[in-house]
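The values are calculated or read from the model by the stated rules, or taken from the named source; none is laboratory data. Nothing here was measured: the structure is a model prediction, and the numbers come from that model. Please note: Cβ atoms are built from the backbone with ideal geometry, for glycine as well, and neighbour counts cover all protein chains shown. Side chains are part of the model used for accessible areas, which takes the heavy atoms of the whole protein and leaves out ligands, DNA and RNA. Shrake-Rupley method; radii C 1.70, N 1.55, O 1.52, S 1.80 Å.
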Amino acid sequence: MSTEHDGTSAPGVRHPVPDAAAYLAGRWTIDRTVLDARTNTRGTFHGTAHFHPETPGGTPLLHAEEGHLTWNGTTTPATRTLHLHPHPNGTATITFTDGRPFHDLDLRSGHWLTRHPCAADLYEGEFTVVSEGEWHLVWRVGGPAKEQVLRSVYRRMERRSG
């Protein structure tokens, strides 16, 4: 995956994050575009993400997204749930709710590239933190039957205390 600028974020804008879990904790709005390059179909997702402990003071953090996906002129509710397992060095491991690994996450430089093979498809993720209250995520998905790009902008809904 190329790390050259492709219009997904301002070139050179990086906000280092010493602790991914502490940074992500809270509520975020999500604005996502979805492009299926094989069919030239475009869609959007608008919703929220909430990173919070499943139990008070517990880990991992639950990453719950909910909103509405508009695809081919039809709008439907859409959700996604993942777990964020923080590590003492400020990095994290992301898993599916059933415990299967998804990807690693290291935002200490404000930028992270990761990959996730899924059957015959390959998901390539690019995380860019642009400020205390905004981060971008681009997933490029390729495989025998898929060629998609999902671009998301997350904006903090509430100020963190402390």
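Failed condition for H136, given (1) closer than 13 Å to L24 by Cα; (2) open to solvent by 30 Å² or more (accessible area, probe 1.4 Å); (3) out of contact with any Leu (no Cβ under 9 Å at 6 or more places or on another chain), with all others met?
(2)
Might you let me know whether the range 85-95 holds any residue that is polar (S, T, N, Q), surrounded by 16 or more Cβ atoms within 10 Å (Cβ to Cβ) and assigned to a loop (DSSP other than H, G, I, E, B)?
Looking through the range 85-95, at least one residue is polar (S, T, N, Q), surrounded by 16 or more Cβ atoms within 10 Å (Cβ to Cβ) and assigned to a loop (DSSP other than H, G, I, E, B).
Would you mind finding the one in R100, R140, R151 that is free of Cβ contacts under 8 Å to residues at least 12 places away in the same chain and basic (K, R)?
The unique qualifying residue is R100.
Of the numbered conditions (1) in a strand (DSSP E or B); (2) of a type outside the set (S, T, Y); (3) in contact with a helix residue (DSSP H, G or I) (Cβ under 7 Å, 6 or more places away or on another chain), H103 satisfies every one except a single condition; which is it?
For H103, the failing item is (3).
Could you tell me which residue of the range 107-132 is nearest to N89 (Cα to Cα), considering only residues that are open to solvent by 30 Å² or more (accessible area, probe 1.4 Å) and assigned to a loop (DSSP other than H, G, I, E, B)?
That would be R108.
Could you check I94 against (1) in contact with a Pro (Cβ under 9 Å, 6 or more places away or on another chain); (2) over 23 Å from A21 (Cβ atoms); (3) not charged (D, E, K, R) and say which number it fails?
With (1) in contact with a Pro (Cβ under 9 Å, 6 or more places away or on another chain); (2) over 23 Å from A21 (Cβ atoms); (3) not charged (D, E, K, R) applied to I94, the lone miss is (2).
Going through the range 14-33 one residue at a time, which ones are under 27 Å from T74 (Cβ atoms) and either in a loop (DSSP other than H, G, I, E, B) or open to solvent by less than 20 Å² (accessible area, probe 1.4 Å) (or both)?
W28, I30
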